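The values are calculated or read from the model by the stated rules, or taken from the named source; none is laboratory data. Just so it is clear, the structure is predicted and the values come from calculations on it, not from any experiment. We place every Cβ from the backbone using ideal geometry, glycine too, and count neighbours over all the protein chains shown. When the accessible area is computed, the model is the full protein with side chains, heavy atoms only, and any ligands, DNA or RNA have been set aside. Shrake-Rupley method; radii C 1.70, N 1.55, O 1.52, S 1.80 Å.
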Amino acid sequence: LTGERRYAVHWYRIVHPLGDAPPAAVAIYIPRVLPGIGYVDLFANGTPLDVPALRAANHWNQPVLAPVPAALLGGRDALEVLVAVTYDTRTTYSLAPVHVGAEVPLRRAAAWRSFLQSGAPEAVSYAFLVLGVFALGFWARRPRESPYLLFGLATIVWYLRTLHYYVEVVPIDGLLFWWLTINTMSWLMMLVYLFALRFQGRQLRWAEYSLVGLVLATGLLTLPGVGLEPALTSTLAYAAQVAISLAVTALLTRDAIRARTRESIALSAALWLNIAFGVHDLLLKDAVLDPRNVFLLPYGALFLFGAFLYAVLRRYAVAIESVERTNASLEERLESRTRELQASHERLRAVEREQTLAAERQRLMRDMHDGLGSSLMSSLVMVQQGRLQ
């Protein structure tokens, strides 16, 4: 009995025969241990083993690989492994099957398991964080494009959300880090659904108020020092997130089916897939599923943000096509106007030529008139003077 907690210890004993020719190096491998509110100790032939993975902040997501010192194997025909799980009886725990054998193949299995459970989620989170920074930069140049702001903020929140999958040493207080882990999921939901609503041109006030209320309620109920049971509040918070996700995603799916646009359908499919991943991880966390399963929600980013990018790129492509069509229409109108101007110019040149010819005719007539009049006057004077026959 420690304070208000009641802890119990479950012991597991595995006897592994070494045989006449034991391997040069023996190791103990456990794919996953989910001790809940508790911890795990490992013993080899009665000697405790120091396993860093069991003391890491993300021990629940780390495969356990414990090499057995050769000194503990000498002169023995079997290796006795004891696993002690100390847990809070008001919660639960799960322990994956324990493997004992040659170290080399078990180390390869642990490395592959570590990549699936923590290495790949870390790479995905950094990749989308870089895309989010570019999205925020684009939004800074075009503040009216709010989907880019929401996308950028969502990638930052996703990065914070996935830290607990691979961070072995927490740089802040453990309770505060736990609070951040719980609440980043609500923040992410709010940003994701606001993006989807803005993208589809919908304003569902009740949905937006529900999302904001979920963020506030989850943040207050899970605050360190409130006094509520962390395991209970986390389960309730996740259950509320799933319920609101189901309601909002159902409405977005209905709108996507009505709109029949590829980007809306892709976004809805990604949301449903992430809900399924979230339910799977919730069941895995609560020891309902086999602990050898891998948490799937970190991989949901590939589909969720992939759908985001597809929707944004589709909209960008549609905008480019619209600009191209507008430019083509303007070019056609410009060519038509150019042809009209050329025809008008030809008509004007013809009129100018006619006017030039008329003016020349008038000049000639005037010159002819003036010359003939002068000749007639001269002849008349000469006749009067008798100088002309």
Requested in this report: Considering only region 153-210, state which residues are assigned to a loop (DSSP other than H, G, I, E, B) and modelled with pLDDT of 85 or more.
Outcome: Thr162, Val167, Glu168, Val169, Val170
Report summary line: Taking region 281-309 and keeping residues under 17 Å from Met189 (Cβ atoms) and either hydroxyl-bearing (Ser, Thr, Tyr) or open to solvent by less than 60 Å² (accessible area, probe 1.4 Å) (or both) leaves Asp281, Leu282, Leu296, Leu297, Pro298, Gly300, Ala301, Leu304, Phe305, Ala307, Phe308
Query raised in the report: Of the conditions (1) at pLDDT below 90; (2) loosely packed, with under 15 Cβ neighbours inside 10 Å; (3) under 27 Å from Leu163 (Cα atoms), Ala78 fails just one. Which one is it?
Result: (3)
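From the residues in region 331-346 that are of a type in the set (A, V, I, L, M, F, W, C) and open to solvent by 100 Å² or more (accessible area, probe 1.4 Å), which one is farthest from the chain's Cα centre (by Cα)?
Narrowing region 331-346 to residues of a type in the set (A, V, I, L, M, F, W, C): 334, 341, 343.
Remaining after also requiring open to solvent by 100 Å² or more (accessible area, probe 1.4 Å): 334, 341.
On the way: Leu334: 43, Leu341: 53 Å.
Among residues in region 331-346 that are of a type in the set (A, V, I, L, M, F, W, C) and open to solvent by 100 Å² or more (accessible area, probe 1.4 Å), the one farthest from the chain's Cα centre (by Cα) is Leu341.
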Query raised in the report: Are any residues in region 253-264 buried (at least 19 other Cβ atoms within 10 Å of the Cβ) and either within 18 Å of the chain's Cα centre (by Cα) or modelled with pLDDT of 85 or more (or both), and if so, which ones?
Result: Glu263, Ser264
Query - The lone exception for Thr92 - which of (1) at pLDDT 90 or above; (2) touching a strand residue (DSSP E or B) at 6+ places or on another chain (Cβ under 9 Å); (3) open to solvent by 20 Å² or more (accessible area, probe 1.4 Å) it fails - result: (1)
Query raised in the report: For region 279-313, which residues satisfy the criterion of being over 17 Å from Ser125 (Cα atoms), touching a helix residue (DSSP H, G or I) at 6+ places or on another chain (Cβ under 7 Å) and in a helix (DSSP H, G or I)?
Result: Val279, Asp281, Leu282, Tyr310, Ala311, Val312
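Return the only residue of Ala57, Ala66 being of a type in the set (A, V, I, L, M), assigned to a loop (DSSP other than H, G, I, E, B) and surrounded by 16 or more Cβ atoms within 10 Å (Cβ to Cβ). Before the answer, list the steps.
Details: Ala66 fails: assigned to a loop (DSSP other than H, G, I, E, B).
On inspection, the qualifying residue turns out to be Ala57.
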